[in-house]
Amino acid sequence: MFTKKLQTTCYLLLLSCSAIGLSTSQASETREEEVLHGYMSAWQEHSIEKISSYFSTNVIWYDLPSDSTTQGKLKVTKAITDAFMGYVPDMYWAKSGDVFVSGNTMTYEWTYGGTYNGSWGDTKIKNKK
């Protein structure tokens, strides 16, 4: 459900080390933090090319709100950047909690915000923060 305040804190099951091309042995704790910092910096820069560089060719993205799955680097890059930047050109994304690592999976808490301009279902929304 959409709330008037777009800023939200969520948990994101983010980067499977295999999805970003790291083997489990490469993913030491400091390396994981470096990878996460680089990934989030790419988002802060709004660099689709840099964001895409973190995905393997066979990456799979599940979008919970739409209950849809997207597969493949090009399709996932388009879907995820459209979802997060398409209607929120001034979007920001910041890590706001601890990073948890188990095997080849990394989970962390993040905050996303910005000014929303677009449709939310049948409702047109303009300049909603």
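All of the numbers you see were taken from the coordinates with simple rules; none came from a lab. In this text the structure is predicted, and so the values were computed from the model without any measurement. Neighbour counts run over all protein chains shown; Cβ positions are idealised from the backbone, glycine included.
Here are a few things to note about the model shown:
- Pairing residues of region 88-99 that are closer than 11 Å to Tyr112 by Cα with residues that are part of a loop (DSSP other than H, G, I, E, B), at Cβ distances under 8 Å and at least 6 apart in sequence or on separate chains, gives Val88/Leu6; Val88/Gly114; Val88/Thr115; Asp90/Gly114; Asp90/Thr115; Met91/His46; Met91/Gly114; Tyr92/Gly114.
- For first residues located in region 41-54 and within 12 Å of Lys73 (Cα to Cα) and without any contact (Cβ under 8 Å) to a residue 12 or more places away in the chain, partners that are aliphatic (A, V, I, L, M) and not in a loop (DSSP other than H, G, I, E, B) and lie 6+ apart or on another chain with Cβ distances below 8 Å form the pairs Ser53/Ala42.
- Scan of region 34-73 for residues that are in a helix (DSSP H, G or I) and out of contact with any Phe, Trp or Tyr (no Cβ under 9 Å at 6 or more places or on another chain), ordered by number: Glu34, His37, Ser41, Ile48, Glu49, Ser52
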